[in-house]
Each structure stands twice: as structure tokens, then as C-alpha cells.
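Okay, structure first, notes after.
The values are calculated or read from the model by the stated rules, or taken from the named source; none is laboratory data. Predicted model, so just to flag it, every value in this text is computed and none were measured. In this analysis, Cβ positions are derived from the backbone assuming ideal geometry, glycine residues included, and neighbour counts consider all displayed protein chains. The protein model used for the area step is the full one, side chains on, heavy atoms only, and it has no ligands, DNA or RNA in it. Shrake-Rupley method; radii C 1.70, N 1.55, O 1.52, S 1.80 Å.
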Amino acid sequence: MEKVSMLSKQKPVVIFSKSSCCMSHTLKTLICNYGANPLIYELDEDPKGRELENSLMRLGCNPVVPVVFIGGQLIGGANEVMERQMNGTLKNMLIQANAIWV
């Protein structure tokens, strides 16, 4: 879990994903459309992907991908990110984390 914590703070937005996951693709597209440049870890392409997956499970992430961190904070998966998109708070979170500028 330490590694996930460290990786989640490397950029304002960090996404743990799998290249074959349609929901991962959707969240990456959504966040990039705001103008953010997230750091993306494709767990199925990373030699330590299984280790990262296990750490994400221990954090309570289920399903394990996609998982989004904004400003070093665990936001959650697709449901949590889409909830913030629908209630209008996602953009503010991105601004506060300095992931985008208005």
C-alpha cells in the first residue's frame, strides 16, 4: 500500500487502469477532456501490476480498476468519479489539485 500511496502523489491526477477496461478508458477520456494530464498506470502492462492490484484491493477498491486519485486523495472508481461529474464537483476537485486551470 505504501507504493500506491507514493505513486498516487506523483501528479495531480493518477489513474490505475487496465488497457482492456472500457470503464478505465471512459474515465481517462473524461479527465483528459477537462484538460488534465493524468499519470496512468496500466496494471496489465506493468511488471508490478499484480502487486499494485493487491494494494488497491487492500485499500478497499472493488473493482480494482479504474481507480482515480486526485490531489493524492483516493476518489474511487467509475461510480465515484461519475457521481462527482454529475453533481458538478469533479471540475472543482481538478482545479484545487492544480490539474487544470480556468
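Could you work out which residue, out of ILE70, ILE31, ILE40, moves most in a Gaussian network model of the chain, that is, has the largest mean-square fluctuation with Cα springs under 10 Å? Maximum among the listed residues: ILE40. Seen against the Cα atoms of the chain and their longest principal axis, helix 49-58 is set at about 70 degrees.
For the chain, what proportion of DSSP beta bridges, expressed in % and rounded to the nearest 5, is antiparallel? If you can, show how the numbers build up before the last one.
Details: 7 of 11 bridges.
That works out to approximately 65 percent antiparallel.
Relative to the longest principal axis of the Cα atoms of the chain, helix 78-87 runs at roughly 10 degrees. With each label modelled as a point 7 angstrom along the Cα→C-beta vector, the ASN79-HIS25 pair spans 2.3 nm. In this structure the amide hydrogen of ALA99, modeled in the peptide plane, comes within under 5 Å of no amide hydrogen from residues 5 or more places off or on another chain.
Compared with the alpha-carbon gap, the fully stretched path from ASN87 to ASP46 is longer by 11.4 nm at 0.36 nm per residue. Which residue, chosen from GLN96, GLY35, LEU52, occupies the Cα position most advanced towards the positive end of the dipole of the chain, where the dipole is computed from +1 (Lys, Arg) and -1 (Asp, Glu) charges on Cβ about the Cα centre? Toward the positive end, the furthest listed residue is GLN96. In this Cβ point-charge picture (+1 for Lys and Arg, -1 for Asp and Glu), the chain has a dipole of about 220 debye about its Cα centre. Return the label of the correct value of volume of the Cα convex hull per residue in Å³, as calculated from the structure shown, out of (1) 150; (2) 84; (3) 97. Computing volume of the Cα convex hull per residue in Å³ and matching it to (1) 150; (2) 84; (3) 97 gives (2). In this simple spin-label approximation, ASN62 and SER5 carry label points 7 Å from Cα along the Cα→Cβ vector, and these lie 2.3 nm apart. A 1.4 Å probe run over the chain, with the rest of the protein chains in place, finds 57 Å² accessible per residue.
How large a share of the accessible area of segment 28-97, in percent, is made up of carbon and sulfur atoms when the probe is 1.4 Å and the other protein chains stay in place? Write down the numbers at each step before the final one.
Numbers: 1790 of 3900 Å².
Summing carbon and sulfur atoms, their accessible area is 46 percent of the total for segment 28-97.
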